[in-house]
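As structure tokens, the structure follows; a few thoughts come after it.
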Amino acid sequence: MEEQHIEEVKSFKELNICESLIEACDRLGWTAPTKIQADSIPHALEGKDIIGLAQTGSGKTGAFALPIIQALLDEKSPQPFFGCVLSPTRELAIQISEQFEALGASIGLRTAVLVGGVDMNQQQLALGRRPHIVVGTPGRLMDHLTNTKGFSLRTLKYLVLDEADRLLNQDFEKALDDILKVIPVNRRTYLFSATMTNKVKKLQRACLRDPVKVESDSKYSTVDTLKQQYLFVPAKNKECYLVYILTEMSGSTMVFTRTCDASGLLALMLRNLGFRAVAINGHMTQANRLGGLNKFKAGDCSILICTDLASRGLDIPAVDMVINYDIPSNSKDYIHRVGRTARAGRSGVAISLVNQYELEYFLQIENLIGKKLPVHPAEEEEVMLLRQRVTEAKRISHMKIKEGGKNKRKGRGDDDGDEVEKWQNTSKGNRGGKTFKKSRR
Ligand code: AMP
């Protein structure tokens with residue numbers, strides 16, 4: 001069963017949206033607020049700055065447009081140049097201005113769209129009509145602020161930085177800085193971004209005051225019942241840290257590696273240390289893969305070591321813990337991996353072992369999920385006590401793989417799956433053989 005997210009659906013009325021705007025929403029077919037709207041509008045109406053982690057399609061435009069229009073309606077007479085929305089592209093700017101005009105139709109809300117590639121004179125005429133909301137790309141807006149006589153944003157009350165990550169990717173930083181210098185410091189600011197990059201965080205610090213953070217129902221988010229941690233480890237000691245975690249934690253575990261070879265080697269090494277581990281990867285025959293998987297499902301093995309490829313398209317049950325032995329270079333793989341645990345409202349743990357070469361990948365993952373992960377506590381001295389045994393187990397595993405290769409060439413096939421079979425058979429009556437930690441075996 002997939003996780004279910006049962007939430008009370010709020011109405012626009014419950015969010016304290018005024019009657020005329022509820023009618024405008026109705027006309028657009030917006031019967032209930034989207035998650036980002038429900039989460040952000042109450043804070044926005046309280047006068048808070050907002051930082052929203054949301055993609056296009058989440059209803060983020062409504063999330064910032066509705067509170068701005070409601071504030072405009074609260075004015076004795078709707079004030080021109082009340083709000084300014086900065087967007088990274090011309091198309092998005094036009095869409096935003098259309099939504100503002102549709103929602104504010106009852107008060108004859110006017111917008112001006114200031115984007116590159118369009119005649120400046122036409123835009124100057126639009127500015128001459130004293131629009132309530134200006135929507136534009138930073139470069140062209142700054143161009144008008146510098147060169148269009150009589151145009152200023154000195155009375156601005158609301159600034160929106162939409163798709164901030166894209167704004168910053170498109171060399172708008174200088175124009176943004178210049179705009180921030182000529183608009184009032186005393187204003188409300190809403191920043192929306194699909195990802196929280198370091199640049200976005202810097203921008204947030206520069207122009208938001210004590211913001212409330214809200215998130216859309218992103219398909220890239222992870223569930224709250226999932227405890228996610230990382231451990232920064234030197235590449236040469238990764239195996240020791242893996243063994244350390246497997247020793248201190250119990251329950252069914254999936255360990256993800258980048259390559260098939262690494263998954264096979266780790267499975268052998270762990271078995272040499274007395275763990276009940278099995279590998280499934282693309283180098284194994286389908287029969288052996290299924291065999292290993294069935295052992296894991298039946299609880300005969302408590303540790304499944306696999307690659308991203310092998311984990312897809314196979315019916316793998318929910319597990320207690322996911323360990324990212326290698327950090328995926330594609331951040332979305334991280335979401336797939338950790339989604340194997342903490343399903344259907346249950347709790348789960350995901351621990352990522354990050355070495356010096358994987359830091360960049362890990363930071364990308366944190367950006368994607370929109371949060372900084374805490375460190376998993378580990379006593380380095382205790383970890384290092386394992387080194388000798390781990391090194392020896394690894395040496396034996398390498399030897400076995402070499403022997404397996406020779407046997408294969410001689411026609412005596414022996415892949416990791418066959419080795420698992422051998423181990424399963426011999427270990428049945430010998431569970432107390434190689435002791436490591438009872439809980440894992
Ligand atoms: P956005 O993420 O702002 O680009 O919005 C994506 C689409 O969702 C647009 O077509 C909006 O008209 C629509 N939309 C926004 N809010 C709602 C809502 N509360 N109910 C239904 N559709 C909405």
Response to the item:
Scanning region 108-125 residue by residue, those buried (at least 17 other Cβ atoms within 10 Å of the Cβ) and closer than 19 Å to ILE68 by Cβ turn out to be LEU109, ARG110, THR111, ALA112, VAL113, LEU114
Worksheet, complete the sentence: Note: among GLY52, GLY136, just one is under 22 Å from ASP210 (Cα atoms) and surrounded by 24 or more Cβ atoms within 10 Å (Cβ to Cβ), namely GLY52
Worksheet item: Of all residues in region 76-98, how many are of a type outside the set (S, T, N, Q), closer than 14 Å to THR155 by Cβ and either open to solvent by less than 50 Å² (accessible area, probe 1.4 Å) or touching a Pro at 6+ places or on another chain (Cβ under 8 Å) (or both)?
Response: 5
Response to the item:
In region 238-255, anything of a type in the set (A, V, I, L, M, F, W, C) and not in a helix (DSSP H, G or I) is listed as MET249, MET254, VAL255
Discussion item. Between a residue in region 10-32 that is over 15 Å from ALA65 (Cα atoms) and assigned by TED's automatic domain parsing to the domain that holds LEU45 and any residue that is assigned to a helix (DSSP H, G or I) and within 12 Å of the ligand (Cβ to nearest atom), which pairs come within a Cβ distance under 6 Å, given they are 6 or more apart or on different chains?
Written reply: LYS10/ALA38
Practice prompt. Only strands (runs of 3 or more DSSP E) wholly contained in region 149-218 count here; list those with 1 or more residues that are among the basic types (Lys, Arg) and modelled with pLDDT of 90 or more.
Written response: 188-193, 212-215
Worksheet entry | So LYS149, is it within 36 Å of the chain's Cα centre (by Cα) and basic (Lys, Arg) | no
Worksheet item: For region 60-75, how many residues meet the condition of being open to solvent by less than 10 Å² (accessible area, probe 1.4 Å) and farther than 21 Å from SER40 by Cβ?
Response: 0
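The values are calculated or read from the model by the stated rules, or taken from the named source; none is laboratory data. In this text, all values refer to a predicted model and were calculated from it rather than measured experimentally. No Cβ is skipped: glycine too gets one built from the backbone with ideal geometry, and neighbour counts run over all protein chains shown. Just so you know, the surface numbers come from the protein's heavy atoms only, side chains and all, with ligands and any DNA or RNA stripped out. Shrake-Rupley method; radii C 1.70, N 1.55, O 1.52, S 1.80 Å.
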